[in-house]
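Heads up: the structure comes next, in structure tokens.
Each value in this text was obtained by applying a stated rule to the coordinates, not by laboratory testing. These numbers were taken from a predicted model, which means no experiment stands behind them. Positions of Cβ are backbone-derived with ideal geometry, glycine not excepted, and every protein chain shown enters the neighbour counts.
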Amino acid sequence: MRSRLRLVLAILSVSVLLGAGATRRAVADEKDGRLDIYFIDVEGGAATLFVTPAGESLLIDSGYPDNNGRDRDRILHVLKDVAKRSHLDHAAVTHWHLDHFGNHAALASEIKIANFWDRGIPETLAEDPKFPERIGNYRAASQNKSKKLSAGDMLPLKAGTTPLSIKIVTASGDVIPNEGAPNPFAAEHKPQADDPTDNAKSVSFLLKFGKFSFLCCGDLTWNTEAKLMTPNNPVGQVEVFMATHHGLNVSNNPVMVLALDPRVVVFCNGPEKGGSAEALGTARRAKALQAIFQLHRNVKLKPEEQTPPEFIANTEPTADCKGRFIKLSVAPKGDEYTVKVQDKEKTHTFPVR
Ligand SMILES: [Zn+2]
């Protein structure tokens with residue numbers, strides 16, 4: 001009798017545990033039909049989190065390593081506490097620089113990462129003598145199962161009611177075929193010295209959700225931007241453009257930015273990195289431009305050279321920075337989106353053109 005009672009109790013407690021687990025999972029995956037994009041502040045690196053209407057999560061880049069886990073913790077905070085996700089379905093790397101894949105391995109030891117994506121792994125990297133060691137950690141974290149992204153590939157995402165896609169438009173220096181309408185700004189291209197670094201090989205992601213579109217090109221540099229966008233524009237116009245390469249002036253070629261004609265530009269800059277006067281000036285020249293957001297005030301520029309304070313997430317130098325993020329949220333039909341800077345009152349609303 002005692003043992004039967006114990007058996008009944010055991011069965012009961014197991015089913016209670018299973019039930020609680022199922023409830024937690026349901027809550028974690030619950031979504032409101034919106035597509036959310038979080039620009040996480042990693043002090044001049046990059047870490048952009050997407051949560052789709054189907055509840056899937058994608059992190060593109062993961063900030064700097066070290067600094068007592070500063071960037072890893074900021075990413076985990078936004079993922080778990082803000083976006084309410086327990087794991088990452090996809091983690092992508094635009095290119096093999098430290099401010100972009102600094103925390104993939106550290107994140108993998110804290111949470112489950114189902115799929116790793118990158119441009120392919122080179123044996124060595126001329127600009128980083130420590131690359132073999134760093135890439136060893138990445139290989140271990142991804143259990144050597146990272147998948148290679150090439151220009152023209154589609155990143156597989158679960159479909160919802162509104163069509164959602166991510167197309168790779170550049171990778172490893174290759175670009176998608178130069179089809180589409182002629183780029184009216186093509187003649188503005190003034191080539192710069194060729195870039196031998198991994199920046200020029202960045203993976204670029206073109207996201208479409210209904211009529212909404214968003215482009216992130218990692219740290220792609222000037223001549224590859226022109227290779228993609230001239231003489232024709234195969235990308236079309238985009239609603240939101242993440243300024244390339246933290247907004248440095250060796251990227252954000254006007255032939256690209258003006259042809260994309262974004263309505264909103266987000267600069268993932270640091271206090272002393274990116275957010276350059278040249279790139280800000282180019283973004284302002286876009287005809288459709290409505291707003292520029294910056295993760296950081298550029299401490300070297302005058303206030304009038306950058307976006308107004310209400311559009312800047314962090315004004316302090318790195319030592320005192322609170323690491324505030326910017327959240328962009330697209331309505332379920334992809335016809336309208338909002339942008340909100342953490343801790344600021346105002347939510348900015350934009351209809352999709
Ligand atoms: Zn970078």
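Below is a table of values for the structure above.
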| quantity | calculated |
| --- | --- |
| Residue that is surrounded by the most Cβ atoms within 10 Å (Cβ to Cβ) [pool: residues in segment 48-62 that are within 16 Å of the ligand (Cβ to nearest atom) and without any contact (Cβ under 8 Å) to a residue 60 or more places away in the chain] | S62 |
| Strands (runs of 3 or more DSSP E) fully within segment 181-247 counting 1 or more residues that are of a type in the set (G, A, S) and in contact with a Ser or Thr (Cβ under 9 Å, 6 or more places away or on another chain) | 204-209 |
| Residue, nearest to the ligand (Cβ to nearest atom), within segment 89-107, restricted to residues that are within 19 Å of E123 (Cβ to Cβ) and not in a loop (DSSP other than H, G, I, E, B) | H100 |
| Of all residues in segment 306-325 being touching a residue at least 24 places away in the same chain (Cβ under 8 Å) and in a loop (DSSP other than H, G, I, E, B), the one that is surrounded by the most Cβ atoms within 10 Å (Cβ to Cβ) | F325 |
| Residues within segment 69-89 that are polar (S, T, N, Q) and buried (at least 19 other Cβ atoms within 10 Å of the Cβ), tallied | 0 |
| Identity of the residue in segment 188-197, in contact with a helix residue (DSSP H, G or I) (Cβ under 9 Å, 6 or more places away or on another chain) and touching a residue at least 24 places away in the same chain (Cβ under 8 Å), that ends up nearest to the ligand (Cβ to nearest atom) | D195 |
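Quick grid of which residues meet (1) within 16 Å of the ligand (Cβ to nearest atom); (2) crowded, with 17+ Cβ neighbours inside 10 Å; (3) under 28 Å from G63 (Cβ atoms):
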position	(1), (2), (3)
I166	no, yes, yes
D174	no, no, yes
K208	no, yes, yes
V240	no, yes, yes
S251	yes, yes, yes
